[in-house]
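Report on one structure; see the data block that follows.
The values are calculated or read from the model by the stated rules, or taken from the named source; none is laboratory data. Predicted model only: the values in this text are computed from it and were never measured. Because the Cβ atoms are built from the backbone with ideal geometry, glycine has one as well, and the counts that use them run over all protein chains shown. Side chains included, ligands, DNA and RNA excluded: accessible areas come from the protein's heavy atoms. Shrake-Rupley method; radii C 1.70, N 1.55, O 1.52, S 1.80 Å.
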Amino acid sequence: MIPPRTTSRTWVLLLLLTVTVSACGGPRTKQQRQNHGEQRTDEATLLLNQAEQHVRNLDAERAAPLLAKAEELLAHPDVNLSPEAEMLHSQLAELKARLPLLGEEKIRREKAAAAERERKELEALVEKQRDLVVEAMFAVTEAVDVLEGKDVGVAQVETAREAIQRTRERLRTGKELEARSADYAASARNTERRLEQAEERVGRVRKVIDFVSGPFGDSREAPTLEKKARREKDLEARLSLYTEIRDRYRRCGTEADKLLMEVPELARGPLPMKGRPMALKAVATGCKKKAGLLQRAVVKLKKAKVKRDKARAKLEKLKAAREKARARKKR
């Protein structure tokens, strides 16, 4: 059996529970409804704020259930008694409207992020390639500047040409970047123009060096040959020497005129040579003048040779006649 005291306590608890249930299920005051509405709006506010953060992060899967729960909370009539109700409904509607667009926005942002990564990667590649080209072009500039000094030779010319070749190779390694970067393409075209100008300068210097070491160098040896020719007793040997000397001066004058046409600025500038500096125009004039003077000597020697050859022929003819006469007498 249940003790009497326990039974009485049980009835009291049941009575209190009955009263409480009656109170909750019965009519409520406006204040109670307002309090209840504000409680739901507070919960909805937290949910909407969390959902909004997920929407910003383009996470539709995590935002959707939060919006559904917030919509359920805001659907209760008591919520309309809260001053925040209109604002929360507006926020809910806005977030729900954005929810279907999150997929497209996520794709757009991913594409934009990928494009930005590609842009930065391209920028890094272009910067690296540009540095390599600038370094190579600096070597070209130094090598070409050396060609403006005195006593320049073939070695300096070859050094400049090798520097130009290395720079062109650098440009070729970055050819693919020209199609991807308009800025780098413009820079590469500018470098190519500078290389063409450098090549022209190197070509001009090489022509001058070839002239100085070739025709002009030969003409500078002519005075020594001329002394030898004057001492020569044999007419044919002397004629051969004077002809060679004349031809050296002629070749010097012809090549000097040709070089002047190709490089007009050499008309007054000194040639890169040891000893007394000379302008190419003066060299051309001097060589042609000397060739003219030596031509006279050659003509004289040729006439002397013809005269000598005729005398020899006459003498041989006379000798032959005498031999013939002697032979007739012996018969």
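With protein chains left intact and a 1.4 Å probe, residues in the chain average 69 Å² of accessible area per residue.
Could you work out what % of the accessible surface of the chain is carbon and sulfur, using a 1.4 angstrom probe and leaving DNA, RNA and ligands out of the count?
Working: 12460 of 22780 Å².
Ligands and nucleic acids excluded, carbon and sulfur reach 55 percent.
When you count the other C-beta atoms within 10 angstrom of each residue and take the mean per peptide, 180-192, 107-119, 238-250 line up highest first as 238-250, 180-192, 107-119.
Within the straight-line cut-off of under 19 Å between alpha carbons, the lysines reachable from K106 are K96, sequence neighbours fewer than 8 places apart in one chain being disregarded. When the chain is described by a simple charge dipole with +1 on each Lys and Arg Cβ and -1 on each Asp and Glu Cβ, the residue from G37, V283, A327 located farthest towards its positive end is A327. Extension gain for Q50-R194 works out to 45.7 nm (0.36 nm per residue, less the C-alpha to C-alpha distance).
In nm, what is the difference between 0.36 nm times the number of residues separating R28 and R204 and their Cα-Cα distance?
Result: 52.6 nm gained on full extension.
Can you tell me which lysines have their Cα less than 17 Å from the Cα of K233? Leave out same-chain residues fewer than eight positions away. Cα-Cα hits under 17 Å: K300, K302, K303, K305, K307.
Once every DSSP H run of n ≥ 4 in the chain is given -39500 (n - 2.57) and the sum is divided by its residues, what mean residue ellipticity at 222 nm do you get, rounded to the nearest 500 deg cm²/dmol? All intermediate terms of the calculation are to be shown ahead of the outcome.
Details: 11 runs with 277 residues, N = 331.
The helix contribution divided over the chain gives -29500 deg cm²/dmol.
Placing a pseudo-label 7 Å from each Cα along the Cα-to-Cβ vector at V146 and T224 gives an inter-label distance of 2.9 nm.
Here log10 I(q)/I(0) by the Debye sum over Cα atoms at q = 0.07, 0.10 Å⁻¹ was computed from the coordinates, and among [x] -0.68, -0.89; [y] -0.49, -0.74; [z] -0.28, -0.56 the match is [x]. Please state the relative contact order of the chain as a whole percent: Cα pairs under 8 Å, 6+ residues apart? Averaging sequence separation for qualifying contacts and normalising by length gives 11 percent for the chain. Here the calculated FRET efficiency for D42 and E94, from their Cβ-Cβ distance with R0 = 25 Å, stands at 0.80, rounded to the nearest 0.05. Straight-distance candidates among the lysines for linking to K227, with alpha-carbon spacing under 16 Å and chain neighbours fewer than 8 residues away dropped: K290. Rounded to 0.05, the FRET efficiency of the E110 and A179 pair, given R0 = 30 Å and the Cβ-Cβ distance, is 0.75.
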